[in-house]
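Values quoted throughout were computed directly from the atomic coordinates according to the rules given, and no laboratory measurement underlies them. Every value quoted in this text rests on a predicted model; they were computed, and no experiment measured them. Backbone-built Cβ (ideal geometry, glycine too); neighbour counts: all protein chains shown.
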Amino acid sequence: MLAKALTLCCLMALALPTLAEEGWWRSAQFYQIYPRSFKDSDGNGVGDLQGITQQLAYLKEIGITATWLSPIFTSPMADFGYDVANFYEIDPVFGTMSDFEALVQKANQMNIKIILDFVPNHSSDECDWFIRSAAGEEEYKDFYVWHTGKVVNGIRQPPNNWISVFRGSQWTWHEGRQAYYLHQFHAKQPDLNYRNPKVVEAMKDVLRFWLRKGVYGFRIDAVPHVFEVEADVNGNWPDEPRNQYVSDPEDYAYLDHIYTTNQPETIELVYDFRQVLEEIDQELGGDDRILLTEAYAPLDVLMQYYGNDTRKGSQIPFNFELLANVHYDSNAFDYAQLIHNWLDNMPAGQVANWVLGNHDQSRIGSRLGADRIDAANMLLLMLPGISVTYQGEELGMLDVFISWEDTVDPQACQSNEQEFERLTRDPVRTPFQWSDEANAGFTSGPTTWLPISKDYKLVNVKRERGIALSHLNVYKQLRALRDEPTMKDGDVTVKPIGPTVLAFKRSLPGHKSYIVVWNLNDDVETVILDSVFIDLTSELRYVVVTNKSIRRKNDLTYANSVLLMPKEVIVLSTV
Ligand code: NOJ
């Protein structure tokens, strides 16, 4: 009898995929930490690794599976860490290598995976590789992209018209090397030359090093920029064409970046990086290592990042459809269309991911309205697949105004007093709000590197824990719902109900269905849900409500008459 039961158990175990086979990341909740602003452990006003380690329990509390950290490597901080001087070292402002090892160890014990930011496109100009390249050392001379420029009317000029993301020419003259070097971003971020196989190998070694230290993968920075078009036989590159609607010749959008972004070689490089992860999976065993790729690119290009029949790619090409395209006045048709864009174009067998915020974009509540914060988190957590939350969005943190004089973001500092507000990313990078104590409990020191939001006494973890329908507690309820089989494995049907109500249904045969309904605007609405979705029970149960709701959790409503208060968003289930 016992033997029979054991055999049956074994057979069942064989039939079901293990977590490793299934991929731990397929239904994971990711959380982006911007280390400078998460938690300061030593009172100098800048967040650090020990601070993160101290707060891992918070990540557990909100149900995070894995956290990706913006860069923590040695850096002169011209772009706050996205200018890496040594890809193998921790910057002292964040701590030491042993702090990093302690973080990984504790995170592993708590079953939280650490993902690092990998910045392949460029290094800092203070990186040893660049210094040697500029000096013309044989091994490094082609590590970066150099050109002697052209002479027009006796005046030396950059080789072509390419414009940097941070304004102005992509080329800066280097006195030592007597040549221009290419930088798609800041002049202190020279582009590595990916047409040199030694660079590719050097960067693969960087991946191997951190994987062997126990990280579970990388968020890859600025992927579309990695390759430029191949130079012609004379070593020259063509000018990029104009974008007619932009008149400022220093503005990145002045040109159409057909030669400096989304070159086909980039996709292959992502596959090569994935291959390194597979090698390390073989070497070290355990759970899958993963890639998350940051690319603002056309959908058909993004879908190629996933891989194809012969090569594996990024498991998580960030889905910026909503982040980049919805705004305050977007209606339910717009949202539905953008959600469909990803779901309908994704290759078979892949998983969707949903991203609504990061350290480069205005806060969700500032972009879409503070009364739509719960709705945004509901989209993120209730749509099928992977959720990616930027620190503070679970609390409803908002952009903080920072004057031109106090602005530190290079993207804004390279502009001027009239333009900087459109460009600055400082407002979304202010310190995390832990409590109503001095400096929001972020630091014990007297100052912080960016100002603390004035709303910190109302918007903070400590206070929101104690308020039943705070953004934080709504977030936690949504997170908990993700453990339901329907949420993990169910289908989705997305329906705009006119321009003002967006609804989607998650369903799985044999399980309850869940219906998210969101009234985007300020009129009271009544929707006939059973004319929108099939297979609903005549009564539906409120599973998650927000502070806009007049109904309570577990209340029942008729499917043919669901009343929605202004801006209300709810999760209902079949009964
Ligand atoms: C994208 C990063 O998210 C951004 O913060 C950075 O400035 C650029 N890449 C350059 O690395």
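Computed extension length for D272-N153: 38.4 nm, one decimal, from 0.36 nm per residue of separation with the Cα-Cα distance subtracted. For the range 249-277 and the range 326-389, what is the centre-to-centre distance using only Cα atoms, to the nearest Å? Taking the Cα centre of each part, the range 249-277 and the range 326-389 sit 24 Å apart.
Centre-to-centre, using Cα atoms only, the range 91-112 and the range 150-208 are separated by 34 Å. Please work out whether the chain counts as rounded, prolate or oblate from its C-alpha gyration tensor, where a ≥ b ≥ c are the square roots of the eigenvalues and a/c under 1.5 means rounded, while otherwise a/b larger than b/c means prolate and anything else oblate? Prolate, since a/c reaches 1.5 and a/b exceeds b/c. Going from the residue with the fewest nearby Cβ atoms within 10 Å to the one with the most, L284, L564 rank L284, L564.
In this structure the amide hydrogen of T389, modeled in the peptide plane, comes within under 5 Å of the amide hydrogens of F30, Y31, Q32, none closer than 5 places in sequence on its chain.
Here the Karplus relation 6.51 cos²θ - 1.76 cosθ + 1.60, evaluated at θ = phi - 60°, turns the backbone of the range 186-191 into coupling constants of 6, 4, 8, 10, x, 6 Hz, with x for every Gly and Pro. Computed from Cα positions, the angle between helix 471-481 and the longest principal axis of the chain comes to roughly 70 degrees. With a ≥ b ≥ c taken as the square roots of the eigenvalues of the C-alpha gyration tensor of the range 370-460, please select rounded if a/c is under 1.5 and otherwise prolate if a/b is larger than b/c or oblate if it is not? Oblate, since a/c reaches 1.5 and b/c is not below a/b. Here the range 436-575 is described by how far its Cα atoms reach on the three principal axes: 59, 34, 24 Å, from widest to narrowest. At the listed q of 0.16, 0.19, 0.20 Å⁻¹, the Debye profile of the range 332-408, built from one uniform point per Cα, gives log10 I(q)/I(0) equal to -0.67, -0.86, -0.92. Rounded to the nearest 10 degrees, the inclination of helix 2-15 to the longest alpha-carbon principal axis of the chain is 50 degrees.
Under a 5 Å amide H cut-off, with hydrogens placed 1.01 Å from N, M77 pairs with D83 among residues at least 5 apart or on other chains. Determine the sum of side-chain charges near G149: Lys and Arg each +1, Asp and Glu each -1, restricted to other residues whose C-beta is under 15 angstrom from that of G149. Local charge sum for G149: +1. When each of the peptides 71-81, 154-164 is scored by how many other beta carbons lie within 10 Å of its residues on average, the order from highest to lowest is 71-81, 154-164.
Under 5 Å between amide hydrogens, built in the peptide plane, is the criterion, and for Y180 it picks out H147, T148, G149, H174 among residues at least 5 positions away or on other chains. For E283, the shell of other residues with beta-carbons less than 12 Å away shows a net charge of 0, using +1 for Lys and Arg and -1 for Asp and Glu.
Beta-bridge orientation, the chain: approximately 65 percent antiparallel, per DSSP, counting only bridges with both partners inside. The HN-Hα couplings worked out from phi for the range 373-388 by the Karplus form 6.51 cos²θ - 1.76 cosθ + 1.60 (θ = phi - 60°) are 5, 4, 4, 4, 5, 5, 4, 4, 9, 9, 6, x, x, 9, 10, 10 Hz, whole numbers, x standing for Gly and Pro. Each helix, a run of at least 4 DSSP H residues, gives -39500 (n - 2.57); summed and divided by the residues of the chain, these come to -7500 deg cm²/dmol at 222 nm.
What the Cα atoms of the range 231-379 give is an Rg and a Dmax of 18.6, 57 Å. With a ≥ b ≥ c taken as the square roots of the eigenvalues of the C-alpha gyration tensor of the range 310-466, please select rounded if a/c is under 1.5 and otherwise prolate if a/b is larger than b/c or oblate if it is not? Here the range 310-466 falls in the prolate category. A simple packing score, the average count of other Cβ atoms within 10 Å per residue, orders the peptides 324-330, 415-421 as 415-421, 324-330, with the highest score first. Which angle from 0 to 90°, rounded to the nearest 10, does the C-alpha axis of helix 332-345 make with the longest principal axis of the chain? The angle comes out at about 70 degrees.
In order along the range 442-454, the phi-based Karplus estimate (6.51 cos²θ - 1.76 cosθ + 1.60, θ = phi - 60°) of 3J(HN,Hα) comes to 6, 9, 8, x, x, 10, 10, 5, 10, x, 7, 4, 5 Hz; Gly and Pro are listed as x.
Computing FRET efficiency as 1/(1 + (r/R0)^6) for D256 and S435, where r is the C-beta to C-beta distance and R0 is 45 Å, gives about 0.40. Averaging the Cα positions of each part gives two centres, and for the range 403-449 and the range 38-83 these lie 16 Å apart.
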